[in-house]
Amino acid sequence: MKRLLIALFLLHTIGTFSQTIHFTTGYLVNPAVSCHSGMMVCTQTGSNPESGGIIYVDWADGTTDTLTYYQAANTSNQCHFFWHDYTSTGIYNANITIYSAASGGMVPVTTTQQFTITNLSTCGYFTMATFDTPSYFLESGVVYDVTGANGVTLTISPVLSTGLSFYFGLDPANAPFTASINDSWLAVNNKIQVTPDFVINDFNADGSAYNLPQNMQVTCNDTTLPNNLALDFIYAYSFIAPLQSGSLSLNICNISCASMVDAQVSISFPSGFTPDMTNLDNAIFQNDTLLFDLDSITGCQNIHIPVSFPGNTPAGTNVSFHAQISNPTEVDFSNNSGTANAVIMNSYDPNDKTCNLPALLSPDQREKLQYRIQCQNDGNFPALNVVIRDTISQLLDLNTFRFISSSHPVITSIDPVSREVIFYLYNAQLVSSSENLPASQGFVLYEISEAVSLPLNAPIENTAYIYFDYNPPIVTNTTSHSNGYLGLDEQSQQAYQLYPNPANDRVFLMNGLIADIKVYDLNGKLLTQGFQVNSVSVATLNAGLYQVVVHSGNHVSFHRVIKL
């Protein structure tokens, strides 16, 4: 038994000291319009630094790239850039694999990035930002005319990628090119090009033009044309329930040729959220909608609005704010609205246990269940060490237990007799949630399969106990799953019938039968129970549909009960 525990310790701690724990990929240029293909690979580390990780890229055309990188602990979005020239048109699925530097590092994981190569001669491109003066508002969709040494002029619309405007389709053999803003675009938008035309003499190896101006600028041509406003951005941030406050920020720009423009602003709020209207003109708030005026806007004007909301708003609640700006003579409403989203932060006790599968498991396959146990320190002193004890159900195969990940370094042990798994997060140092909410939280995640040949409708229940140092255990909720088909088992329904249904107060077993009775909601959460009883109370439950499980000996039946 001691030998088994040592082996399990080695097996389940190997991943907890990993260096690179996660990575993402993305395009650097639009993959369908240029033969110069670029991508970025962004890595994230765990509690230890990456001391020499390897990024391996198979471009799917017989060539590969390898990069060795170093990264500090607990950092994310360290991005590495890869460029590649395909020599034939076609669709290529490049594979990216990350290897950590040492044993105990991340198990290699591969992802795919697809590149579609349509033309090998027009590989040149340039990026350009076009601003309106004097507001310095970033114009979108600006069209450029580019004339090559061969006298041919290409009219190019931008492609947005990684937040920039890319202009593709130039053949480097026709350099130098002279570029200017398209006359038709200027006429439609009532603009004049302020900065001079620029020249592209040559291209870098990746196809990008170099020695270009930082930006191009346009200004108004006629100040008598209609007003034009733009909502440059709306941003919601710092919505913290214990403080009962958050903030909205809007940037509203006058992009018309009139020197000054008035605006009317309308913002819809989530129910229960209230704006501070102290610094707003002619402000009215009713029916969850804020209305106010902005007078004489020149350039761009930023508005900050403090927002209050109920302190009992649950953590993780998603809220949205929608803004609309207007002027009586506005003619272009394409950029006059926007939405800002925020997630509520709250200091509550989320000690719980969750599973990735629904309450009803399929009896036709042997499924793997992933359990996540979450803890949080809501006290006023750090939790130095955290112990999580979890006894595994007999209906799960202990031999298939696999530790997946944890928030902190962990020692894992399993007692094959008692079936208790112990996770020891040593030196966790979970600070008070009031001081640093992310640093107050911890978790463990593991996977385990159902036992072989489970009885139909057999209930699988699991509860964890969390210990902070020498404190009494925090008991999580009980997860519950059953291995059966949706609906009632006919034989069980005949043997155990419940009445009344619908019910107001209690539900009873007919014929005076005695059994264990448990009541769950439709998400599998245990709400109330009785052991070796003839009835169970539903009086405190909300009106709705519930699942009742009756268990007597080897006999289990499932029933749907309506609470009035």
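Miscellaneous remarks
- Extension gain from residue 400 to residue 80, taking 0.36 nm per residue of separation minus the Cα-Cα distance: 111.5 nm
- Global form of the range 316-461, assessed from the alpha-carbon gyration tensor, a/c cut-off 1.5: oblate
- Here r is the Cβ-Cβ distance between residue 535 and residue 461 and R0 is 30 Å; the resulting FRET efficiency, rounded to 0.05, is 0.90.
- Per-pair calculated FRET efficiency, R0 = 25 Å: residue 298 and residue 153 via Cβ, rounded to 0.05: 0.10
- Here, P(r) means the percent of Cα pairs in each 20 Å bin from 0 to the largest distance; for the chain it is 15, 33, 35, 15, 1.
- Think of it as helices only: each DSSP H run of n ≥ 4 in the chain is worth -39500 (n - 2.57), and spread over all residues that comes to -1000 deg cm²/dmol at 222 nm.
- For residue 194 and residue 164, a Förster radius of 22 Å and the Cβ-Cβ distance give a FRET efficiency of 0.55, rounded to the nearest 0.05.
- Note on residue 191: aspartates and glutamates with a C-alpha under 20 Å away, same-chain residues under 8 apart excluded, are 132, 139, 145, 183, 222, 232, 330, 332.
- Cα-based radius of gyration for the range 230-280, normalised by 2.2 N^0.38 Å, reads 1.43.
- Carbon/sulfur fraction of accessible area - the chain, other protein chains in place, 1.4 Å, %: 52
- Taking 0.36 nm per residue of separation and subtracting the current Cα-Cα distance, fully stretching the chain between residue 362 and residue 264 would add 29.6 nm.
- With both labels modelled 7 Å from their Cα along Cα-to-Cβ, the residue 562 to residue 343 distance reads 3.9 nm.
- Contact order normalised by residue count of the chain, Cα under 8 Å, 6+ apart, percent: 9
- Inter-probe distance in nm under a simple model that places probes 7 Å from Cα toward Cβ, at residue 201 and residue 542: 7.1
- The label point for residue 274 and the one for residue 419, both projected 7 Å from the Cα toward the Cβ, are 5.4 nm apart.
- Relative protection proxy for 501-510, 175-184, from highest mean packing down: 175-184, 501-510 (other beta-carbon atoms within 10 angstrom).
- ³J(HN,Hα) computed for each position of the range 265-280 - Karplus, 6.51 cos²θ - 1.76 cosθ + 1.60, integer Hz, glycine/proline x: 10, 10, 10, 8, 10, x, 4, x, 9, 10, x, 8, 9, 3, 9, 10
- Listed by chain and number, the aspartates and glutamates whose C-alpha is less than 12 Å from the C-alpha of residue 368, apart from same-chain residues fewer than 8 away, are 397, 447, 450.
- Rolling a 1.4 Å probe over the heavy atoms of the protein chains gives the chain an accessible area of 49 Å² per residue.
- Computed extension length for residue 22-residue 331: 106.5 nm, one decimal, from 0.36 nm per residue of separation with the Cα-Cα distance subtracted.
The values are calculated or read from the model by the stated rules, or taken from the named source; none is laboratory data. For clarity, every value in this text was computed on a predicted model and none was experimentally measured. Neighbour counts run over all protein chains shown; Cβ positions are idealised from the backbone, glycine included. These accessible areas exclude ligands, DNA and RNA; they are computed on the full protein's heavy atoms, side chains included. Shrake-Rupley method; radii C 1.70, N 1.55, O 1.52, S 1.80 Å.
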